[in-house]
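Structure, as structure tokens:
The values are calculated or read from the model by the stated rules, or taken from the named source; none is laboratory data. The structure presented is a predicted model; accordingly, all values stated were derived computationally and were not measured. Neighbour counts run over all protein chains shown; Cβ positions are idealised from the backbone, glycine included.
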């Protein structure tokens, strides 16, 4: 195995889990693997594909992530890789479909798989492995955001005898059951990584008002060292906090889905190049960002689920050095979290009106969900489904509140939510030890105002000469 | 005073109180309606067409309100009254580029990023531009130009420096252009960062940036020209009118064109009316005298009509001259 690893991908050793996953796939088994992002998830299908010498299909829900993975692979020297997604123009798509058999690795979105010509073309290929990336989306988002991920199950059923690899970084037991069910995985090999990372420490702080949180963030960032990410649910707030930090000369930038693509790329690149110390972001930030030395993640408000929270907090300390994830809480957070979690669900009235064919105003997501329900289920089934969904979401919300209000140990709650037990004892969380906050390094120098230091000729020369 | 507000004020001045304030919005958005296209020709507003296709109505309305509060204009039921004219000095060329200047710039970004990485001997990088079409275009361009030898980098640098010397560019435009580019371990600035550095709004920065691109795209050196492929709109004439236009530029007379192309004189005259509407700065002089144009517009105002038949009865002018005169105000 090691010989193949070196030969095909140039690595000298496996990271935990990789070898087990590849071996199971080569034996033709379905695999559900929980591996943290940035810890070599993609190696699992890369090596398997190379060793099988057959085409690997990778289904990924997020277009930007897909693009990023294709670029990463090209960087590694794997050139026969393509992303088949809605970014392509009609012409590009036709061209890609015609030449599809030339590629070893084909990335595509669940939406594309619903298109007749794509489906047909794929059946003509010699596919050896189907990978479902970010498989938790099937459950975490699937029901409400991505109907096409659900339809995926139907298509997979028709692909007999091709092993399936479902990958995720964070999934609870319920989510894992969902994944298995939706993807029709029969007695899969399951690999769980240990989520209890000793280098990641948790801290929690309570405030009387939201304004106090923002004031604390400003003071804290002035006194301590990044690089870090501050997560906040609202776009407006990312701008507001970033501006506050810039006013005291901290190199910070706001990041949200409202920015144009080029600006988002620039911010990521600046963060990786250490030109930006802090990113103030909505949940849009993080997928596909590989920065090992993130020292702090601050949640201005708890994420709408612990799966989201762990994924975001887990972006810190990828280099194995200590980092602290700080969760800020204030009265009223419960409502914000509830609003965020339930925001995109249709209401019961909407379901009724939609089934009765009445005109109504819906968000894009609500329209997508209702259209899907309408095509698959009766009215009663849809109402039943909505109830189940609300119950599920409420359970997820309660789990986040447990972490908000616990008097005992944050880590115990977080780990048990993912069906794991806590092993790390030392500096585990701020509730168990006051010393956690001391792990954050004190700022050594005060930043100076940023300015364009070069004139235009100088900068051009620096770029090209 | 913000750039954007000045720009709107300038266009409102050009419109001579004869349109509604919304027509400026449609013009900047690049609306393809007959009315907007007619405005472009009549008030010679080619420069500003399609400058800001993503402009939000709310942002535009804010500026109108501000102009009212400053007593520069006043909205009325039919249109607006201009209390204070403003004429700026601009180098836009929206009619020709129609938003494609951004495509040109994205190509410049990718070329610079790639060559910068070639120089650093590190070809592992994440392209700043995500569009597959642009990536492929630049890839083909770079391969055709043999990007692995250093000559291309030198040529690119020379062409950029030369284009940036253009006298119409300000120092601020040059520095902003260059800071928006990315290279090896040297990411560019976001709109917000550029705007902050110049202490202006993001929208103003974007407007100034568009103007700089329009100026730089006048550069016709080989590499910059190659990157302008498909960024220039030239099909605003029908095929037949285009042929007539080309022959006019070669010095043929109306009659000669008619004979050579075996088309009726009337047809060629219709072409010329179309050309007068669509080609910025096309001179009416050879076909209709300035005095006549003035007369036609006096009649339009006196009788409150654009009907050709009525105007013909009043003025006793050939239809061709009437139609031509109506394409243009104030010439």
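All conditions in (1) within 14 Å of chain B (Cβ to nearest Cβ); (2) closer than 26 Å to residue A:187 by Cβ hold for residue A:69, with the sole exception of (2). The set of residues in region A:275-301 being facing chain B (nearest Cβ under 10 Å) and surrounded by fewer than 22 Cβ atoms within 10 Å (Cβ to Cβ) consists of A:275, A:288, A:290.
Yes/no matrix, rows are residues, columns are (1) within 21 Å of residue A:176 (Cβ to Cβ); (2) buried (at least 21 other Cβ atoms within 10 Å of the Cβ); (3) at pLDDT below 85:
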position: A:84; (1), (2), (3): no, yes, no
position: A:94; (1), (2), (3): no, no, no
position: A:100; (1), (2), (3): no, no, no
position: A:110; (1), (2), (3): yes, yes, no
position: A:127; (1), (2), (3): no, no, no
position: A:132; (1), (2), (3): yes, yes, no
position: A:139; (1), (2), (3): yes, yes, yes
position: A:146; (1), (2), (3): yes, yes, yes
position: A:149; (1), (2), (3): yes, yes, yes
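Exactly one condition in (1) surrounded by fewer than 17 Cβ atoms within 10 Å (Cβ to Cβ); (2) within 10 Å of chain A (Cβ to nearest Cβ); (3) touching a residue at least 40 places away in the same chain (Cβ under 8 Å); (4) within 26 Å of the chain's Cα centre (by Cα) is not met by residue B:133; state its number. Answer for residue B:133: the failing condition is (3).
Against the test of being more than 14 Å from chain A (Cβ to nearest Cβ) and touching a strand residue (DSSP E or B) at 6+ places or on another chain (Cβ under 8 Å), the options B:81, B:96 yield a single qualifying residue, B:81. Scanning region A:203-226 finds no residues that are under 25 Å from residue A:437 (Cα atoms), out of contact with any strand residue (DSSP E or B) (no Cβ under 8 Å at 6 or more places or on another chain) and within 14 Å of chain B (Cβ to nearest Cβ). One residue stands out in region B:118-130 among those that are surrounded by fewer than 18 Cβ atoms within 10 Å (Cβ to Cβ) and within 8 Å of chain A (Cβ to nearest Cβ): the one that is farthest from residue B:158 (Cα to Cα), namely B:124.
Quick one: which of B:62, B:77, B:38 is assigned to a helix (DSSP H, G or I), modelled with pLDDT under 95 and on the phi < 0 side of the Ramachandran plot? B:38 is the lone residue from the list that is assigned to a helix (DSSP H, G or I), modelled with pLDDT under 95 and on the phi < 0 side of the Ramachandran plot. Can you confirm whether residue B:252 is modelled with pLDDT of 95 or more and either more than 14 Å from chain A (Cβ to nearest Cβ) or farther than 22 Å from residue B:96 by Cβ (or both)? No. Of B:169, B:160, B:115, B:181, all but one fail to be buried (at least 16 other Cβ atoms within 10 Å of the Cβ), within 30 Å of residue B:16 (Cα to Cα) and within 11 Å of chain A (Cβ to nearest Cβ); the exception is B:169. Residue A:187 meets all of the listed conditions (1) in contact with a strand residue (DSSP E or B) (Cβ under 9 Å, 6 or more places away or on another chain); (2) in a loop (DSSP other than H, G, I, E, B); (3) surrounded by fewer than 19 Cβ atoms within 10 Å (Cβ to Cβ) but one, namely (1). Evaluate the following for residue B:7: is it closer than 29 Å to residue B:195 by Cβ and at pLDDT 95 or above? Judged against the criteria, residue B:7 is a match.
In the set (1) assigned to a helix (DSSP H, G or I); (2) in the same structural domain as residue A:232 (by TED's automatic domain parsing); (3) closer than 11 Å to residue A:397 by Cα, residue A:341 fails one condition alone, (2). Taking region A:345-436 and the helices (runs of 4 or more DSSP H) fully enclosed by it, no element has 2 or more residues that are assigned by TED's automatic domain parsing to the domain that holds residue A:205 and over 30 Å from residue A:332 (Cα atoms). Considering region A:243-262, and only residues there that are at the interface with chain B (Cβ under 8 Å from one of its Cβ atoms) and in contact with a strand residue (DSSP E or B) (Cβ under 7 Å, 6 or more places away or on another chain), the residue that is farthest from residue B:180 (Cα to Cα) turns out to be A:246. Considering region B:201-240, the residues that are over 20 Å from the mean Cα position of the chain (by Cα) and within 14 Å of another protein chain (Cβ to nearest Cβ) include one that is farthest from residue B:63 (Cα to Cα), namely B:223.
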